[in-house]
Amino acid sequence: MVLFKRKPVKFLPPQQIDDEDVEVWHIPQTGEIFADYDEYLDRMEFYKQPRFNDQITGHSGLTFFEAHESELAGAREVDESFPEALKGPILRRVQFQIVSRLDNLVDSLFDEFKQDYYPGEEVAIITGTGERTHGLVRDKTTFGERLLADGTRTKPSTRYLVDARGSEIELIVTEDSISRDRGAFTKAMLRAFLKKTVMREAWTGAPWLVKQDYAAQYHIDTRIPPHLRYDTKLQERKQLQAQKRSSEINGHAASQPARLPELKPAKTIKPKPPPGKGLKWPAGIVNGTSAEPTIKKEPSPQPPPPPKYPIEDLQLEPNPETNRPAIKFMCKDAPVDECSDDPLGEDVEMKSVGPLLETWDTLNVYCEIFKLDSFTFDDFVEAISMASERTPVQLFDEIHCSVLKILVDSEQDGGRVRIPLPEIEDDDSEDEDGEAEVGDEEEDEEEEEEEPDEKPVKRATRSSLAKQEAERIAAEAAAAEEETMKAEIESKTRAEEMMKEFNWVEHLRQRDFTNGGWERIVVGLLHQLSKGERNQQLYEDLLLRIIPHDTDPTQEAARQKYAELDINTRVQILQILCMLTMETKAVRAFMEDCNETMTKYRKDRVEWQRQRKQTVEDLRQLNEQRKILLPDNTPPEEEPKEPHENGDVSMNGADDTVTEKEGDEEADPSNDEKPHKKRHGRQVVDKRKKREEEEAARKAREKAQKEAAKASHQSKQFTKLLKEIQKKEDLIKKCEDEIATIENDLREADCPRTRVLGRDRFWNRYYWFERNGMPYGGLPTSSTAGAGYANGRLWIQGPDQMEREGYIDVPAHLENEYKAKFKMTIRERKNKEEGGTSMESSQQWGYIADAESLDKLIRWLDPRGFNELRLRKELLLFKDKIAEHMDKRQQYLTNSTEEEARKEDSTLKRSSSRIREKTPEPPSYRCLRWENSMALDELGHLHADPPPPPRLRKQTKKREAMEAPAAAPAQASKKRRR
């Protein structure tokens, strides 16, 4: 049974359909039938949510159909693996059990049946000779307990009649000599079997019930006993509550626990009323006097529980103190004029910003395939804008040539076309038919023009003049449309004339890109794409801009006109070329290699994380040992030496001093002969003091030596422990560095799609294009790697149409509810909180280019909403990197502007009147510093240049020997002339 939120899915009741010819929709897995298609779609959408669980296997996060299939597969597996002989006894034992938890029920049943065997069950037995064999249980006999003569009782016993396999012998064995094979009956199998066969209603005390089909199969009674029914339990609960209320009313004081007496002032005792039988006082009168009726205060309603965050972003209260920082735009038709401050966007239309970002991202992510050095987005936009016949830009030419090379292999590689192209058909017959139709239309128009002359001239009125004016305007519009169609036909004809004797595929195989070669190849590609069914009008419009009807169909004309195209047309063509490359085998293989590389990186990351975890645990144990050894290895504090310096001596050895004194007197016979007693006493004291000092020094040395030996042993162990701790810390740091490196490699290898950082409350998407697929600052070997950034901006895309209609421009009743709740509509809130720089569609793009605005944006995001919680988390994760690259972009642009200003100043200082008459030097742009070093290193030449001629093979020794005699006399004569 499939579960939804831990409850069985309830199917809809069958609908009553009277008309048998009406169209209905059926769900075979549930048997539900719908007469309304919208109801069918709603039900299917519910079933396709990944929120269902498989009751048997416990798998979650599945759709209903996946859970249904999983449950059927699990049921088949349970039926095949669970012992058939145990199914009936177990189901009879489970029926009407009131154990609440399934785990407890499984434990009790397993303990009861693991040592019990039933007829028809495969078992293993031990024969009288001690051999182990398999057999089939034929019969089972259970003996109850017996009362012995001494008054004791024996335990119940069971004997089994088993048919031994491989022989016709039937053995009678006891429960000590019989067992099941390992894995034949386990708790997991029992749990799965119970989930499949029994059910339980969702109320406290509900019994377990065997499903109807299994109950009929094993002849199990399904009549629920009266005391286990829901209505009986409900009635008992009501009676219990009623008894509890009555006991509280009647014996409330007696039922309360004993309390200490409260220190309150004594109450005045009112006299009892005189007894009177049958006397009833009116309502509101007590003891013959009126009394105020007691008013019961209704309990105040409890406040609603606080919402559990996160919730929908727009359901959070607006914060009037914070607004989103104003965003900037890189286009000439920005929604707000004050915010379009990018000088590169003076010619860019808003619809071209998305293709510019898409093309730049594709060229940088797959730069290894295109063999292109990475380049900044500012240099890319500048190159697309400034490239002209007067100012050739290497970046502009290399992009087109490298992309075209991916579409068709070179002659050396086979010259295979890597993209599907529509076939070009001959249009001669169609042109003749078109000319005939045009001729017939012209004749009809001439006849129509001649007919009005025969009619008499009518009188001119206001209505007739207005009618004539409307006819004239309509005729002019029709003429303009006809001229446009003629121009398109002529342009199409011009492109066909240019391609008549030019096979663009063959020239692309030969890499003929110089002198307008790649421009003409682009025209041929667009011309062939226009023959297909997809985007035919787009290709014809682009051909009309490259080859107008008044242009000669030559290669030089194509080069000149392509150099005059604006940035919007150029980026359209580049977008088409990049989209075509995504269908090639080279890009597909690169994606597959990146996926395999990412898989390897993930495995390596898991290994390093496991090693780090183990090392952290080892370090924790070493630190505990260090804490134990730390007191013994703490450097001792210096003991004060002042008492010794002041002459204090120990009095512990007073008796020894006296003895030593007497011994000294006996040992020194000359003392009696000396007449000066004072001198004799002073010498004795000095000797005694000297001996005491030597003894104290000797004891101190011995004590110091013992302590030094002990400390030396402990200090060696402690030092060794500190070295081990340092090694573990170094290993942890190495693991963390390796994990960080692998994380960065995973980020760079994640190339199939551009990762969005998240969405805000108004469903604007936020992109940081350095997020994945490329190094943060571009390739470190690029010629412009000194810039230190790739894009350097946080881009914001407006909501798409479905999101805008579903979340912002909501229906009137939802808008009124929102306004009643928050005192403003969603549209008013959007205009207020976005700082006047709102975007209304996914075709509109804005950006944030400074770290201060990034901080304001993070503060504006509310982590209590679903969308902004994820967006804020991503922004905080990459905040430092984003801010760093924003600062590097500002520094790069500022330095470039200062260098250009210095060059202009130096040019003006050096200029003279004669120099001014000469042709001015072309301006210096940042994009001119870029050089395709990758192509030079790997190919030996730029993409736009023809490949170098093949090297001559080295001459063989035989050929050198044949040419040597002819060369020798010439050298000799030359020497003789000299």
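In table form, for the structure just shown:
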quantity	calculated
For segment 682-837, accessible area per residue (1.4 Å probe, heavy atoms of protein chains only), Å²	56
Gained length - residue 159 relative to residue 15, 0.36 nm times residue gap less alpha-carbon distance	46.1 nm
Positive dipole terminus of segment 118-179, leading residue within 120, 137, 148 (C-beta point charges)	148
Spacing of the two label points (7 Å from each Cα toward its C-beta) at residue 630 and residue 873, in nm	3.7
Estimated inter-spin distance, residue 236 and residue 858, nm [label 7 Å along Cα→Cβ]	6.1
Residue-by-residue Karplus 3J(HN,Hα) for segment 573-587, coefficients 6.51, -1.76, 1.60, Hz, glycine and proline x	5, 5, 4, 5, 5, 5, 5, 5, 5, 5, 8, 7, 5, 5, 5
Cα centre as origin, Lys/Arg/Asp/Glu Cβ charges: segment 318-367 dipole, Debye	200
Debye, to nearest 20: dipole size of segment 2-73, +1 on Lys, Arg Cβ, -1 on Asp, Glu Cβ	840
Sites residue 556 and residue 351, calculated FRET efficiency, Cβ-Cβ separation with R0 41 Å, nearest 0.05	0.85
Candidate residues 889, 418, 159: accessible-area rank, largest first, probe 1.4 Å	159, 418, 889
Cross-link pairs 600/727; 351/819; 627/734 - those with Cα-Cα distance over 31 Å	351/819
Computed accessible area, residue 751, all protein chains, 1.4 angstrom probe, square angstrom	10
Gap separating the Cα centres of segment 217-240 and segment 369-395, nearest whole Å	83
Solvent-accessible surface (1.4 angstrom probe) belonging to residue 608, in square angstrom, nearest 10	60
Gain upon complete extension [residue 213, residue 126; 0.36 nm per residue less C-alpha separation]	27.5 nm
Dipole magnitude of segment 118-179 about its Cα centre (Cβ charges: Lys, Arg +1; Asp, Glu -1), debye to nearest 20	200
GluC sites (Glu not before Pro) within segment 502-540: DSSP coil, no more than 14 neighbouring Cβ in 10 Å	533
Accessible carbon and sulfur surface of segment 2-73 relative to its total accessible area, %, 1.4 Å	50
Long-range amide H partners of residue 140 with built H, under 5 Å	161
Label-point separation, residue 569 to residue 827 (7 Å along Cα→Cβ), nm	3.8
Residue 758 long-range amide H proximity, modeled H, under 5 Å	766
Residue-by-residue Karplus 3J(HN,Hα) for segment 202-217, coefficients 6.51, -1.76, 1.60, Hz, glycine and proline x	8, 9, 5, x, 5, x, 7, 10, 6, 4, 4, 5, 6, 5, 5, 5
DSSP-assigned coil residues among chymotrypsin sites (Phe, Trp or Tyr not before Pro) in segment 152-211, each with at most 15 further Cβ atoms within 10 Å	203
Listed pairs 87/187; 332/881; 5/195; 87/195 exceeding 18 Å between Cα atoms	332/881
Long pairs among 832/856; 10/196; 699/720; 500/531, criterion Cα-Cα beyond 26 Å	699/720
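The values are calculated or read from the model by the stated rules, or taken from the named source; none is laboratory data. Fair warning: this is a prediction, and the values are worked out from it, not measured in the lab. Note that each Cβ is placed from the backbone with ideal geometry, even for glycine, and that neighbours are counted across all protein chains shown. Note: accessible area is taken over every heavy atom of the protein model, side chains too, but ligands, DNA and RNA are not part of it. Shrake-Rupley method; radii C 1.70, N 1.55, O 1.52, S 1.80 Å.
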